[in-house]
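The values are calculated or read from the model by the stated rules, or taken from the named source; none is laboratory data. Note that the structure is a prediction, hence the values are computed from the model and not measured. Cβ placement follows ideal geometry from the backbone for every residue including glycine, while neighbour counts extend to all protein chains displayed. Each accessible area value is taken on the protein alone, full model and side chains, heavy atoms only, with ligands, DNA and RNA left out. Shrake-Rupley method; radii C 1.70, N 1.55, O 1.52, S 1.80 Å.
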Amino acid sequence: MRIAVLSKADAFGGGASRIAVELTASLAACGVDVRHYAGWGGRQRLRDIYPPEVTPVFGTSRPLRVALKVGLAAQWFLGTPEAVPLEWPALRSSGLLDADLIHVHDITELMSARSLLWLSRRKPVVWTLHDYSPFTAGCIYPFENEPLGCKRWRADGPGCNASCPLRAGRGYPFWGAFNGVPLLWRAKARLASEGRLTLTSPSSWLADEAAQSKLYAGQRPAVVFNGIDVGSVFVPQDKASARQRLGLATDGLLIVMMAGNLADRNKGFAWGVQALEQMPEALRARARLLCIGIMPADAPQRLAGMAVHWTGYVDNGPRMAELLAAADVMLYPSLADNQPLAVIEAMACGTPVFAFDTGGIPEIVGEGGVLVARKDTAALARAVADAVERQTLPALGEAARRRAVAHFSRERMAGNFLDLYRRVLAERAP
């Protein structure tokens, strides 16, 4: 069995691409013939640098990759993102079609729906949904687009059309001069009706949402939880020792907030700051904040007067584990998330998570933290204060670690996907 894992980027490209990396490594450890194909080089994409274990889908010729990027951007700008599948020659020559099965992750900025349809007609394709974009015209999370969230993508809705509220605000990915929403929607509708796809999702929440969509109504994706290295990388450490190694103060309550980009409004940085401001004065006085990720422009002003340590973007697993293990609490006030790796990583390090009850987060946290209603920052502040006062943080941390090991190891993820691959290949056998 030869497997091709396909993602838009390498490990620098965000959670979905990180899972592609983790899955490739864990499948290889099981003796599977597997190769990771990535479209772009993640954070280093302008230089197009790839680690040796990753095959660049678009080849190694820099002029050709630049021309492809310009062509794709031009189509988005002109409102014709599905008009010409410019990536077809690269997909043909990349070696993808030599695999017995192709496992696709995030395709935004990687290929068109037409290209995925083309692949699915030639090889068995497993497609893992990491957000709403596969069953909208491109909207990642539609919660904030209208007062109660956009519902047009649902089975009982009209579908995504020219009056898309995200398009009106020129939000990503609808920033072009002309409206490409109708074309995108029609292309994805054709993919949904004609594509030979096996859908999966890391969370039951997103699987249920997909099954209620207009494109995939009744087709609930199989649920396979994300997995990370909970055996040798993301493990508990002595908190005092970890803080000393990191140059952090060893006293007080260390609260961590984390996202690849904390300026992303869906990650809820502003709501987290509100929760910090609503904590009892005595607790605020001894609290220290550890922020991991790209800093919002207004962060210094918002956090003035509070002891804060900024790490910037962290791309090293052992260092990330040390940072998370050093913290007493993770504050994760995300407004929209499927199955964030940040939460799983913190729990694997024995750090309890205090978060909003939204998306797939409840499926991760369980007894390893506390959930409150979305945007209820007062309740979030009270939950942290109560846990500190009652001295329940150590017990919550132990429960978090147990849950991460039991449900979110990469070995478990690889085993579940292997079972799925075998079923899919058996069903597609001549």
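Data table
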item: Accessible surface of segment 1-137, 1.4 Å probe, proportion on carbon and sulfur as whole %; result: 59
item: Positive-end residue of LEU396, LEU283, PHE417, charge dipole of segment 276-430 with Cβ unit charges; result: PHE417
item: Accessible-area ranking of GLU389, GLU345, largest first, probe 1.4 Å; result: GLU389, GLU345
item: Rounded to 5, the percent of DSSP beta bridges in the chain classed as antiparallel; result: 5
item: Solvent exposure of the chain as accessible area per residue, Å², 1.4 Å probe; result: 41
item: Heavy-atom accessible surface of segment 332-371: percent carbon and sulfur, 1.4 Å; result: 48
item: Options [x] 140; [y] 160; [z] 131 - which one matches volume of the Cα convex hull per residue in Å³ as calculated here; result: [x]
item: Beta bridges per DSSP with both ends in segment 187-298, % antiparallel, nearest 5; result: 0
item: Amide H within-cut-off set for SER409, under 5 Å, with H built and near neighbours excluded; result: ILE228
item: Environment charge of PHE269, counting only residues whose C-beta is closer than 10 Å and scoring Lys/Arg +1, Asp/Glu -1; result: +1
item: Gaussian network model of the chain, springs between alpha carbon atoms under 10 Å - residue of ALA222, ALA74, ALA20 with greatest fluctuation; result: ALA74
item: Exposure of ILE140 as accessible area (Å², to 10), given a probe of 1.4 Å and all protein chains; result: 50
item: Estimated [θ] at 222 nm from DSSP helical runs (n ≥ 4, -39500 (n - 2.57)) normalised by residues in the chain, nearest 500; result: -11500 deg cm²/dmol
item: Cβ-placed point charges (K, R +1; D, E -1), dipole of the chain about Cα centre in debye, nearest 20; result: 1100
item: Percent accessible area from carbon and sulfur atoms, segment 184-276, protein chains only, probe 1.4 Å; result: 47
item: Efficiency of FRET between GLU398 and ARG286 - r from beta-carbon atoms, R0 30 angstrom, step 0.05; result: 0.85
item: Choice from GLY368, GLY71, GLY272 with maximal GNM fluctuation in the chain (Cα, 10 Å cutoff); result: GLY71
